[in-house]
Amino acid sequence: MAKEIVAGTTSINAPIGPKRKAKMSLMARREELTGWLMAGPWIIGFLLWTAGPFGAAAYLAFTDYDILSTAQYTGLENFRVMLFQDELFWVAMRVTTVYALVSIPLQIGLGLFLAILLNSRIRGLAWLRTLYYLPTILSGVAVSFLWVWVFSADWGVLNYVLSLVGIQGPSWLTSQDWALSALVIMSLWSVGAGLVIYLAGLQGVPTELYEAAELDGAGRWRKFWSITLPLISPVILFQLIIGIIGALQTFTQGYVMTEGGPNNATLFFLLYLWRNAFKFLNMGYASALAWAIFAYILVLTLIVLRLSESWVFYTGEIKGRR
Amino acid sequence: MEFQQNGHGNLSRRRFLTLAASLAGTAVLASCAPAAPGTTGNAPAEAKTEISFAWWTGGEGANKLFEQSIDHFEEKYPNYTVNRISMPYAEFGTKLLTMYGSGNAPDAHGIPYGTVWSWAHKGVLMDLTSLVESDDSIDWEGMWPAVTGACYYQAKIVALPRESFGLRLYVYNKTIFDEAEVETLDKDMATDNWTWQVWREKAKALTKFSADGRREIMGANVGAGYWDLQVVMSSYGVPMFNEDLTHFNLDDPKVVGWLSMLPEMLNEDLSLGKPDETKEFDWGASGKQAISQSATWAIPNMRETWTDIDWDFVPAPKGDCCHSNFVGCDYHVVNGSDYAKKDAGWEMIKFINSPEEDLWWALNFFGAPFRKSNLDAWQSQLNNIVPKDGWQYMLDMTETATPWTPIPFQDELDTIHNNEIGQALSGERPVEEVVMSITTKVDKMIANFK
């Protein structure tokens, strides 16, 4: 019986004493090697193009580096300037945060609303789904140029539509008061990506629950609030986190459409970071900014995850029991 | 291929997968390895020195000239072969920066107006002072001071003038003037009446809208960026900065007065196009713009694209002082890094700047030659190549050209300035308020600039 030892498990006939790591058989070692080789290209890519730059940025954040000359160690100087001296750092933080705070709920709400509308056995559902998803796959730069025309004060579609109902539209992208709002409106163009995911979530809700609720006299709103929302709350959580990460890294619209203006009204954080890195050659400071936004996104994500315990329900989970 | 458990004879599945994974990993590593030098193509019979040279493409016509210029160099110096690197202007600075950062910047390259200082300040350019001073073929004093003045960084020569030096022109569409029965701008020049006020009046008179409100003719175009202000401020005799370069003179009353004209032209006269009108549509090349702000370096491109337009040109309008005539000169420099082929780079840029090439550029690019000695030959041939009345003003323009003010913080200033100046133009904020905001920020940036 002592010989009947299955690799990786402990037999009752094994001698009592300190545990020994089971020696891997030749076949197991070969399998492990094959696994590593298969994962190799990804691992190499990760080390070269993700972990490597991460580490480099971590070092450069504590230096004065302009690409053209050797990095000079400056300690916490970049962070001190960032937090206590650089007014534009706080402007960029504010612009980016406001953009995220407004655009994310709108995208979630609109995506969910459209998904509910589409969540019925209607003809051409697949086509509609594709149509809503199409904007997501278009080039960000091309879409930005398109929206410049949409927001044109004199010739744009948006102001024309507003004029039909007697409203004189503002000079969207050239107005300090309206430029950011314009970009929030533009963000709704890509709601299709979330819609597809919400749709999948909605179609996973058991219909028996709705039937049981109807038998108990629940109305439409009650069914939505007590059945639909809780059961798709994991999907909403996913979209919320992805939305936070995406919104706080907005760059293309600011770069192409407004260049951060007018008067820093659309100075997104990543645009400000890019400027410091590639226009002003302050790579060290830009690296510090990169770590700042990384920390900001990480903290927000952790807060959302922590708070999600109170409003996200997973199927089979009983609240209060872990 | 049959897969067998034991791996003998035919290739086993596990072995196949292992082999495939190894090959994939090797391919990834091989693609990351730098290319071995001198392994492309067959080795030449005689050893040639390869040098790399970069420039920005400013349109088809301009790009062709650069290619020809390098052909001339290779013909004259057959022991050199040039690795040509051209890229759009908008990407040039960033690409060059990353090339320097990665240690493979070209041996010689162009540098746009006003940025010689920025690059020299970073210590990447070769000091050419001793080479220039010891080379009799380079007649430094024989070149226009407005051009050579911007070749210096802290008393060291770091650049040679590139192609020809560009002069600011105001191009007008004669057909539009005739149809509107408005006197052409050469008449105003002849009576010494070509001023900014006349420019505004004529732009308004020439602007045309159709019955349904669509613009048919744009009166004029202008910007208020830092580049454009070089033209305006010099016309009022206002220097860009104070003497010690600590204050940006945007708040000079004459400049503010000029800037205040623009929102009126945009919103009342309707003679200037709004940003979304002009962003993607070339009114000038379409024959729908009466007066176009331009420069001599645009002429090679206009020869290709303005073929159906009856155009001519005059200098830029006059302010209190004189006709705006600033020099938009670009430069060639040699990479000062240890790995660069500095001798070869120097030969390259010296050749492009040589008297024969100087004249060739001036005749093909329509900017003035750098050398006063080439002036007669240049002037006498211009009208044969591109017959225009405007050439009559060229000598005056050349002799009175004002230099670009070299500053190390041009990118920073551009960013601050462009961020707000549009609000003044559109009338969204009062001009005085915008000007005060910009000058305060620029002065603070200068004070903190390192």
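Where a number appears in this text, it was derived from the coordinates with a stated rule and is not lab data. Bear in mind that the values here come from a model prediction, so they are computed numbers and not experimental data. Every residue, glycine among them, receives a Cβ derived from its backbone with ideal geometry; neighbour counts consider all protein chains shown.
About the Cα centre of chain A, what is the dipole size in debye to 20, counting +1 per Lys and Arg Cβ and -1 per Asp and Glu Cβ, all else neutral?
Once rounded to the nearest 20, the dipole reads 1260 debye.
Explain nothing, just compute: Karplus ³J(HN,Hα) = 6.51 cos²θ - 1.76 cosθ + 1.60, θ = phi - 60°, for every residue of the range A:115-123 in order, whole Hz, x for Gly and Pro.
Values per residue, Gly and Pro as x: 5, 5, 5, 7, 7, 8, 7, 10, 5 Hz.
Using only the Cα atoms of the protein assembly as shown, what do you get for the radius of gyration and for Dmax, in Å?
In order Rg, Dmax, the Cα atoms of the protein assembly as shown give 33.0, 117 Å.
Residues with amide H under 5 Å of B:G427's amide H, sequence separation 5 or more or different chain, H placed in the peptide plane at 1.01 Å from N; which?
none
Which entries in the list B:K64/B:K95; B:K48/B:K350; B:K64/B:K441; B:K64/B:K279; B:K274/B:K441; B:K372/B:K441 go over 30 Å, if you measure between the two C-alpha atoms of each?
Result: B:K64/B:K441; B:K372/B:K441 exceed 30 Å.
³J(HN,Hα) across the range A:141-151 via Karplus (A = 6.51, B = -1.76, C = 1.60, θ = phi - 60°), whole Hz, x for Gly/Pro?
Ordered by residue, 3J(HN,Hα) equals 5, 4, 5, 4, 5, 4, 6, 4, 6, 4, 8 Hz.
Would you list the P(r) distribution for the range B:227-354, with all Cα-Cα distances sorted into 10 Å bins from 0 and each bin expressed as a whole %?
Cα pair-distance distribution for the range B:227-354, in percent: 10, 26, 30, 22, 11, 1.
Using modelled backbone amide H atoms (1.01 Å from N, in-plane), which distant-in-sequence or interchain residues come within less than 5 Å of A:T63's amide H?
Counting only residues 5 or more places away or on other chains, the set is A:T74.
Could you rank the peptides B:254-260, A:147-153 by their average count of other C-beta atoms within 10 Å per residue, with the highest value first?
A:147-153, B:254-260
May I ask you to derive the relative contact order of the range A:79-308, considering only C-alpha pairs under 8 Å and at least 6 residues apart, and to give it as an integer percent?
Rounded, it is 29 percent for the range A:79-308.
At 0.36 nm per residue, and after removing the present C-alpha to C-alpha distance, how many nm does the segment from A:R121 to A:E211 gain when stretched out fully?
The A:R121-A:E211 span can extend by a further 30.7 nm.
Take the alpha-carbon positions of the range A:228-322, form their convex hull, and give its projected area averaged over all directions (one quarter of the hull surface) in nm².
Average projection, Cα convex hull of the range A:228-322: 8.2 nm².
With N set to the residue count of the range A:166-239, report its C-alpha Rg divided by 2.2 N^0.38 Å to two decimal places.
Compactness ratio reported: 1.67.
In nm, to one decimal, how far is the B:E141 label point from the A:E259 one, both placed 7 Å along Cα→Cβ?
4.3
With θ set to phi - 60°, apply the Karplus curve 6.51 cos²θ - 1.76 cosθ + 1.60 along the range B:340-348 and write out the HN-Hα couplings as whole Hz, x wherever there is a Gly or Pro.
Residue by residue, the range B:340-348 yields 6, 8, 5, 4, 5, x, 5, 4, 5 Hz.
For the range A:242-296 and the range B:271-299, what is the separation of their C-alpha centers, rounded to whole Å?
The range A:242-296 and the range B:271-299 have Cα centres spaced 32 Å from each other.
Using the reciprocal of the averaged 1/r over all distinct C-alpha pairs, how large is the Kirkwood radius of chain A in Å?
For chain A, inverting the mean 1/r across all distinct Cα pairs yields 24.4 Å.
Pairwise over distinct Cα atoms, reciprocal of the mean inverse distance: report the Kirkwood radius of the range B:353-418 in Å, one decimal place.
Hydrodynamic radius (Kirkwood, Cα only) of the range B:353-418 equals 13.8 Å.
Label-point separation (nm) for B:E133 and B:D343, each offset 7 Å from Cα along Cα-to-Cβ?
Result for the modelled spin labels: 2.2 nm.
Does anyone have the angle between helix B:89-101 and the longest principal axis of chain B? Alpha-carbon axes, 0 to 90°, nearest 10?
With both axes taken from Cα atoms, the answer is about 40 degrees.
I'd like to know which of A:L47, A:P262, A:I244 lies farthest towards the positive end of the charge dipole of chain A, counting +1 on Cβ of Lys and Arg and -1 on Cβ of Asp and Glu.
A:L47
If each residue of separation counts as 0.36 nm, what is the full-extension length gain between A:S163 and A:A28 once their alpha-carbon separation is subtracted?
In short, 41.4 nm is gained.
Taking the mean number of other Cβ atoms within 10 Å as a proxy for protection, how do you rank B:333-341, A:212-220 from highest to lowest?
My ranking of the peptides, most packed first, is B:333-341, A:212-220.
What is the ratio of the Cα radius of gyration of the range B:75-149 to 2.2 N^0.38 Å, with N the residue count, to two decimals?
Output field value: 1.31.
Sequence neighbours fewer than 8 away in the same chain don't count; with that in mind, list the aspartates and glutamates whose C-alpha is under 17 Å from B:K254.
List returned: B:D228, B:E264, B:D320, B:E432, B:E433.
Quick one: which residues, 5 or more positions from B:Q289 or on another chain, have an amide H under 5 Å from its amide H? H modelled 1.01 Å from N in the peptide plane, none for Pro or chain starts.
B:M218
If you place +1 on the Cβ of every Lys and Arg, -1 on the Cβ of every Asp and Glu, and leave all else neutral, what size is the dipole of the protein assembly as shown about its Cα centre, to the nearest 20 Debye?
Around 5280 debye, computed over the protein assembly as shown.
Counting pairs of Cα atoms in the range A:100-164, how many percent are more than 20 Å apart?
53
When the Kirkwood hydrodynamic radius is evaluated over all pairs of different C-alpha atoms of chain B, what value in angstrom, to one decimal, is obtained?
24.7
Write down the percent of antiparallel bridges among all DSSP beta bridges whose residues are both part of the protein assembly as shown, to the nearest 5.
Antiparallel bridges make up about 65 percent of those DSSP assigns within the protein assembly as shown.
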